[in-house]
Amino acid sequence: MKKLIVANLKMNFTKEEMIDYIKGIKNQISNNFEVVICPSFVYLSMFQNFDYKIGAQDVFYFVQGSYTGEVSPIQLKSLGVSHIIVGHSERRKYFKEDDLLIGKKIKAILKQNIKPIFCVGETLTERQLKKTTNILKNQLLIALKDISKEEIKDIIIAYEPVWAIGSGITPTANQIKEVILYIKKVIMNKYNLEIKVLYGGSVNKENIKSIINLEEVAGLLIGSSSLDPNYFISMLDLIV
Ligand code: 13P
């Protein structure tokens, strides 16, 4: 099974910079990986006839209507989006997204046959208070409360410890393994099946090998290290 590499470009690049970025990564990433690039909504239509899959960074849960400023799963589908990141900690923090809202988004994404990349993770304080497993269990079970066994098969979970995002600090390989096994256990208990879990948070050239080599890690969700095509490509070359 190919490992999944997801680049979350977040709110970066002007149009010209995006054109350069697309040129920079074109045909450069090994097809040993399944690659999904997630630019801002406004640039998605620039990715037609692209070598890799494209993803969105968020979505609203209605199909259409009077929801000023929002973007729907069906609109993203019409642009060729195959994956949508949902429940990212930056959405939770800056836009007060909660587990119930995230659950509605997951449901709406699945209706369009798009794969949700559902992010979960604890803050540093929660980890220090030894609440990691409790927090993750709640995030998972609340958002997935209306998701059936048929639907869960198409969901990818991303474990992104909030304290690792953009900080340069990562959990040890053992800590990542422990948490991912826990997430898989929660899903196994509810649905009796295995789910793919990605890791995200300060992945870089120094740590990528030790993380991707973990059997439990189905792939990576990469932020800052995906923004410079040369760095991104040479980082992925280390693990081909
Ligand atoms: P960084 O790789 O910049 O830490 O960001 C991770 C992330 O939030 C990916 O969704």
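The values are calculated or read from the model by the stated rules, or taken from the named source; none is laboratory data. Just so we're clear, the structure is a prediction, and the values are computed from it rather than from any experiment. As a convention, Cβ positions derive from the backbone with ideal geometry for all residues, glycine included, and neighbour counts pool all protein chains shown. Only protein heavy atoms, including side chains, enter the accessible area calculation; ligands, DNA and RNA are left aside. Shrake-Rupley method; radii C 1.70, N 1.55, O 1.52, S 1.80 Å.
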* Does I135 fit the bill of being among the β-branched types (V, I, T), open to solvent by 20 Å² or more (accessible area, probe 1.4 Å) and more than 14 Å from the ligand (Cβ to nearest atom)? -> yes
* **Residues located in the stretch 151-177, provided they are within 14 Å of the ligand (Cβ to nearest atom) and open to solvent by 30 Å² or more (accessible area, probe 1.4 Å)** => V162, W163, I165, G166, S167, G168, I169, T170
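Which of the residues spanning the stretch 98-115 are part of a helix (DSSP H, G or I) and out of contact with any Leu (no Cβ under 8 Å at 6 or more places or on another chain)?
Pass one, the stretch 98-115, residues part of a helix (DSSP H, G or I): 99-111.
Passing the criteria: D99, L100, L101, I102, K104, K105, K107, A108, I109, L110, K111.
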* Which one of these does L76 not meet: (1) away from the ligand (no atom under 16 Å from the Cβ); (2) surrounded by fewer than 19 Cβ atoms within 10 Å (Cβ to Cβ)? -> (2)
* Looking only at the stretch 181-197, count how many residues are out of contact with any helix residue (DSSP H, G or I) (no Cβ under 9 Å at 6 or more places or on another chain) and within 16 Å of the ligand (Cβ to nearest atom). => 1
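Can you spot a residue in the stretch 138-149 that is over 16 Å from K104 (Cβ atoms) and either within 16 Å of the ligand (Cβ to nearest atom) or surrounded by 12 or more Cβ atoms within 10 Å (Cβ to Cβ) (or both)?
yes
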* Asked: For the stretch 197-213, does any single residue satisfy the condition of being within 21 Å of S148 (Cα to Cα), in a strand (DSSP E or B), modelled with pLDDT of 95 or more and open to solvent by 20 Å² or more (accessible area, probe 1.4 Å)?
  -> no
* Considering only the stretch 96-129, state which residues are among the hydrophobic types (A, V, I, L, M, F, W, C), out of contact with any Phe, Trp or Tyr (no Cβ under 9 Å at 6 or more places or on another chain) and surrounded by fewer than 23 Cβ atoms within 10 Å (Cβ to Cβ). => L100, L110, I114, L129
* Quickly run through the stretch 110-126 and pick out the residues that are within 16 Å of the ligand (Cβ to nearest atom) and either more than 23 Å from V6 (Cβ to Cβ) or out of contact with any Gly (no Cβ under 6 Å at 6 or more places or on another chain) (or both). => K115, P116, I117, V120, G121, E122, T123, L124
* For residues that are within 17 Å of the chain's Cα centre (by Cα), more than 11 Å from the ligand (Cβ to nearest atom) and farther than 28 Å from K185 by Cα, tally how many sit in the stretch 198-231. => 0
